[in-house]
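Reviewing the structure listed below.
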Amino acid sequence: MNIEEFSTNVVSRLKSNLPEGREFIALHEPTFEGNEWNYLKECLDSGWVSSVGKYVDLFEQKVSAFTGTNHAVAVMNGTAALHICLKLADVQQQDEVLVPSLTFVATANAISYCGAIPHFVDISHQTLGLDPYVLSDYLESISEIRSGACYNKKTGRRIKAVVPMHTFGHSVDLDPLVILCEKYGLELVEDAAESLGSYYKGRHTGSFGRTAAISFNGNKIITTGGGGAIVTNDESIARKAKHLTTTSKIAHPWEYDHDHIGYNYRMPNINAALGCAQLEKLPELLHKKRDLAARYHIAFADMDGIQVFREPDFSSSNYWLNTLILDRKYAAARDIILNDSNKNGIMTRPVWKLLHKLSIYEHCPKMNTPVADDLEKRIINIPSSANCL
Ligand SMILES: *Cc1c(COP(=O)(O)O)cnc(C)c1O
């Protein structure tokens with residue numbers, strides 16, 4: 001097959017596996033089929049729409065219960081959640097933080113907000129996320145341990161933390177990463193923005209690090225309009241997270257006393273109300289999304305030159321975004337497929353530009369990233385909403 005025939009074949013298979021008669025099919029859109037209207041109406045009727053109200057507490061309880069973590073702190077978006085996670089990992093100015101080059105820009109931005117420096121690492125073909133084995137070899141060669149802390153021998157800076165990201169909902173290989181973090185004294189902060197409902201060896205992603213950030217943006221697996229959460233098993237960290245995200249005000253009936261330069265990051269009640277309704281439907285949603293992934297798998301199974309990315313053996317994925325991976329010989333088809341599908345009302349996207357190639361991050365330290373460089377050219381995300389089933 002030549003590149004044109006191949007591309008036409010991909011788009012026609014996509015089309016025939018998606019609902020008919022729709023003018024436009026989004027990459028990922030939310031569904032509101034439960035108690036959303038009821039809970040939102042209750043907020044409006046009661047007047048509790050902003051920073052006080054029962055839904056924030058309720059949402060936090062439900063998120064921690066669902067993720068199997070002891071505590072959740074709701075905030076206004078996933079980026080803010082990551083920022084606070086890094087603060088609570090004691091990431092300081094001029095520290096380096098290890099982060100995959102293939103992730104959404106917010107992962108690195110949150111590091112920059114702390115005055116720290118992202119240090120980019122490669123990913124694994126198996127998970128599309130950070131590769132702990134490659135990272136282990138790399139740290140062996142570039143770092144040294146001094147009085148219990150890890151230092152970059154080249155830059156002299158402390159390497160304080162690692163932020164793995166569970167790409168498109170597929171879990172990173174966490175066991176070896178946890179061991180690596182212990183060996184080098186690195187804080188593990190999970191960017192679980194995309195992985196609500198994804199499990200590693202039966203345990204929810206985001207429960208392996210000291211803290212993790214989840215996103216409830218409109219395009220994520222469930223939404224609060226905009227929103228995020230910090231999850232942790234550590235009670236004192238949870239208390240600090242709440243304090244820091246609510247302007248660090250010391251509780252008092254009337255006095256305004258603040259003991260840190262805190263943030264106004266809390267999630268409003270109206271967003272939490274939406275989140276409570278969405279969470280009730282999450283198990284059903286996950287079923288549908290996994291069914292859709294299975295359908296795509298079958299649809300492309302007999303086609304040469306293309307794979308539908310499947311969850312790694314150790315993971316049960318929410319399949320937030322389904323992913324086509326073109327064989328190298330068909331990499332040139334990527335842009336033709338993107339062009340044809342989007343023109344035909346089927347929203348598809350390439351993966352993010354690798355962060356070490358962005359002008360804002362090109363000066364940052366990095367390892368060689370052959371896997372990310374290779375995959376970047378061959379990935380296409382395809383419509384993945386539950387309502388595509
Ligand atoms: C969505 C996302 C974020 C940020 O979440 P927001 O709620 O949009 O701020 C961070 N990291 C990754 C990998 C994401 O996909």
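Observations on the model:
- Filter pass, Gly68 being among the small types (Gly, Ala, Ser) and out of contact with any strand residue (DSSP E or B) (no Cβ under 9 Å at 6 or more places or on another chain): no
- Filter pass, Ser384 being under 17 Å from the mean Cα position of the chain (by Cα) and either more than 18 Å from Leu130 (Cα to Cα) or touching a residue at least 60 places away in the same chain (Cβ under 8 Å) (or both): yes
Here is a yes/no grid of residues against (1) charged (D, E, K, R); (2) on the phi < 0 side of the Ramachandran plot; (3) within 16 Å of the ligand (Cβ to nearest atom):
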residue: Ile111; (1), (2), (3): no, yes, yes
residue: Phe120; (1), (2), (3): no, yes, yes
residue: Glu144; (1), (2), (3): yes, yes, no
residue: Tyr151; (1), (2), (3): no, yes, no
residue: Gly156; (1), (2), (3): no, no, no
residue: Phe168; (1), (2), (3): no, no, yes
residue: Asp173; (1), (2), (3): yes, yes, no
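- Members of the range 189-216 found to be in contact with a strand residue (DSSP E or B) (Cβ under 6 Å, 6 or more places away or on another chain) and among the acidic types (Asp, Glu), listed by number: Glu190, Asp191
- Residue within the range 188-211 that is more than 30 Å from Phe32 (Cβ to Cβ), of a type in the set (Asp, Glu) and either in contact with a His (Cβ under 7 Å, 6 or more places away or on another chain) or touching a residue at least 40 places away in the same chain (Cβ under 8 Å) (or both) present: no
- Single unsatisfied condition, Phe24 versus (1) in the same structural domain as Thr246 (by TED's automatic domain parsing); (2) more than 16 Å from the ligand (Cβ to nearest atom); (3) in contact (Cβ under 8 Å) with a residue 40 or more places away in the chain; (4) of a type outside the set (Val, Ile, Thr): (1)
- Condition broken by Gly206, with the remaining ones in (1) surrounded by 21 or more Cβ atoms within 10 Å (Cβ to Cβ); (2) at negative phi satisfied: (2)
- When the range 215-240 is filtered for residues that are away from the ligand (no atom under 16 Å from the Cβ) and of a type outside the set (Asp, Glu), the ones remaining, listed by number, are Thr232, Asn233, Ser236, Ile237, Ala238, Arg239, Lys240.
- Residue list for the range 167-220, restricted to those being more than 21 Å from Asp122 (Cβ to Cβ), hydrophobic (A, V, I, L, M, F, W, C) and in a loop (DSSP other than H, G, I, E, B): Leu196, Phe216
Table: residues versus (1) within 15 Å of Cys388 (Cβ to Cβ); (2) without any contact (Cβ under 8 Å) to a residue 24 or more places away in the chain; (3) not assigned by TED's automatic domain parsing to the domain that holds Thr155.
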position	(1), (2), (3)
His260	no, yes, no
Lys289	yes, no, yes
Ile298	yes, yes, yes
Glu311	no, no, yes
Ser341	yes, no, yes
Gly345	yes, no, yes
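The values are calculated or read from the model by the stated rules, or taken from the named source; none is laboratory data. No experiment lies behind these values; they were computed from the predicted model shown. Cβ sites come from the backbone with ideal geometry, for glycine too, and all protein chains shown count toward neighbours.
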